[in-house]
1. Return the long-range amide H neighbours of residue 420 (sequence gap of 5 or more, or a different chain), with a cut-off of under 5 Å between placed amide H atoms.
2. Taking a cut-off of 24 Å, what percent of all Cα-Cα pairs in segment 57-208 are separated by more than that?
3. So, in segment 298-418, how many Lys pairs have Cα atoms under 25 Å apart, if the pair is 8 or more places apart or on different chains?
4. As a test question: what accessible area, to the nearest 10 Å², does residue 214 have when a 1.4 Å probe is rolled over all protein chains in place?
5. Just subtract the alpha-carbon distance of residue 32 and residue 100 from 0.36 nm times their residue separation and send over the number in nm, one decimal.
6. What list of ³J(HN,Hα) values in whole Hz, one per residue of segment 39-47 in order, does the Karplus curve 6.51 cos²θ - 1.76 cosθ + 1.60 (θ = phi - 60°) give from phi, with Gly and Pro shown as x?
7. Just by accessible area at a 1.4 angstrom probe, what is the order of 348, 94 from largest to smallest?
8. Report ³J(HN,Hα) in whole Hz for each residue of segment 354-365, in order, from the Karplus equation J = 6.51 cos²θ - 1.76 cosθ + 1.60 where θ = phi - 60°; Gly and Pro get x.
Amino acid sequence: YFLDKSDKYDSRDVERLQQDDKWVENYLIWRHDVVDDTLKMIDESFQWRKEYTVNDLSESVLPKWLFEIGALFLHGYDKEGYKLFWFKVKHHTRDPKQQLDKKKLVAFWLEHYAKRDHGKPLTVVFDMAETGISHIDLDFVRFIVNCFTDYYPNFLTKIVIFEMPWIMNAAFKIVKGWLGPDAISMLKFTNKNDVQEYISAEYLPPHMGGTDSFKYSYPPLVDDDFQTPLCENGPITSEDEHESKEEIDADTKETGELNEAQNLNQKKMNSIEQISKSEETDKTEVKPKNAKKALTTFKGPLLHISPAEELYFGSKETGEKKCLIVLTNVTKNVVAFKVRTTAPEKYRVKPSNSSCEPGTSLDIIVSLHGGFAASLQDRFLIMAAEMDQSSGAGVPELTQFWKEVPRTKVMEHRLRCHVIESSKPSSLTLKDNAFNIPAKTNEDLHIQLTHLLQINKRLEEQMNRCLWFQQLSVVLSLLSVTVAAFCFYLAYAQRS
């Protein structure tokens with residue numbers, strides 16, 4: 001394909017395909033691991049991406065009125081935590097002159113979201129309330145379907161169709177013919193009575209039986225969670241119903257002392273000491289006792305972030321209100337970082353704005369305020385950028401640094417929240433039953449086993465190093481004895 005059609009592809013897409021395993025995997029998954037079908041899909045989607053200049057689509061190249069009418073936008077999440085891609089059909093009218101721009105608008109939103117959330121799948125909502133014959137545009141509908149079936153692999157979770165008029169039944173029979181069996185199973189026809197099976201009331205507008213008062217407006221880009229200034233650490237100094245100011249101040253002081261001690265010792269410790277310290281720190285009271293151990297790591301150019309995608313909190317019943325984020329600096333320079341959240345009134349993040357020395361790791365504790373519960377819709381953004389060696393790492397220096405650093409040099413990574421119900425506790429803390437026997441789930445045992453295996457691996461590495469040093473010492477000792485014996489022999493020979 002590449003040899004025959006290289007001029008029909010955007011070189012940036014080809015380069016990404018060679019480097020991004022996840023992208024390749026999504027194509028294979030969507031085509032059931034049939035390589036020939038996967039190659040055909042990649043070929044078609046790459047030609048389409050170049051034809052529509054997808055990599056260069058921006059707000060400035062599309063007519064402003066397209067954004068203003070609010071026919072397409074991203075807002076809210078379904079009950080599984082997937083982003084909602086809204087199509088307000090009543091705002092769409094057939095017009096061949098506008099068709100290409102409207103199609104590019106769809107591509108813009110999909111590409112915008114794919115880059116922002118690393119290709120996490122979407123749930124599409126066709127809101128067909130107050131629609132009729134004048135709004136039916138099968139060519140545009142087919143384009144939207146093709147985007148998910150041919151151009152954006154493994155990017156669709158389901159299509160929720162709300163209150164489709166009976167007059168459109170015949171049209172949607174045609175649409176089903178385009179979808180294929182996998183996509184057809186994703187169609188969910190709903191009305192006001194059953195739409196909440198898929199989307200909770202907090203993200204449904206009133207005409208769909210919900211309580212969401214959201215009104216689309218432009219500019220700025222709607223629902224870009226992290227574009228607007230956010231409180232980075234929540235109202236730490238304010239008193240809530242379960243924590244007094246004195247408790248918070250003491251907690252902050254304790255954490256500050258711990259971090260200061262870590263910074264002083266990090267430069268002096270060798271690798272073995274770092275391992276020992278990390279194991280000892282796990283036992284301190286500052287760390288969240290109910291934190292879920294991270295099994296995955298996001299490997300960024302500046303920081304490795306663990307966990308890679310989700311922070312696990314307990315429900316109100318479980319009471320697990322703390323999570324741990326581990327940042328590891330993989331560069332040769334100091335890396336400044338800050339953490340933002342879409343729900344600053346709920347969470348405290350400590351530290352939320354600091355720096356990490358080269359080759360070291362730093363723990364960030366995310367905790368819920370008393371009375372609040374985590375939600376699938378909550379998000380966290382970790383921003384990081386390299387600092388010059390001459391730059392200080394104090395609060396004034398960091399504040400000035402973030403004002404001056406170019407956006408292109410900032411690494412960003414997003415984490416979403418996952419809520420563990422009371423029936424499936426994620427905590428590794430022992431919970432005694434009537435016989436004082438710890439009750440654990442398979443998931444907990446798996447996590448603890450993984451942790452033990454990691455410790456075992458570290459011990460094996462230390463033992464191997466010790467054995468190597470021991471063997472080296474034996475060899476050097478033998479060489480010394482041999483040299484000494486040879487010297488005695490020479491001395492004896494000379495006397496003779």
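The values are calculated or read from the model by the stated rules, or taken from the named source; none is laboratory data. This one's a predicted model, so the numbers in the text were calculated from it and none came from an experiment. Reconstructed Cβ throughout: ideal geometry from the backbone, glycine too, with neighbour counts over all protein chains shown. Ligands, DNA and RNA are stripped out before the accessible areas are found, and what is left, the full protein with its side chains, is counted by its heavy atoms. Shrake-Rupley method; radii C 1.70, N 1.55, O 1.52, S 1.80 Å.
1. Amide H to amide H, under 5 Å and 5 or more residues apart or across chains, residue 420 pairs with 313, 314, 315.
2. 29 percent
3. Within segment 298-418, the lysine pair count is 22.
4. Looks like 60 Å² after rounding.
5. Here the answer is 21.3 nm.
6. So the Karplus estimates, Gly and Pro as x, are 4, 5, 5, 4, 4, 5, 5, 5, 5 Hz.
7. Ranking 348, 94 by accessible area, largest first, yields 94, 348.
8. 7, 9, 10, 5, x, x, 10, 10, 9, 9, 10, 9
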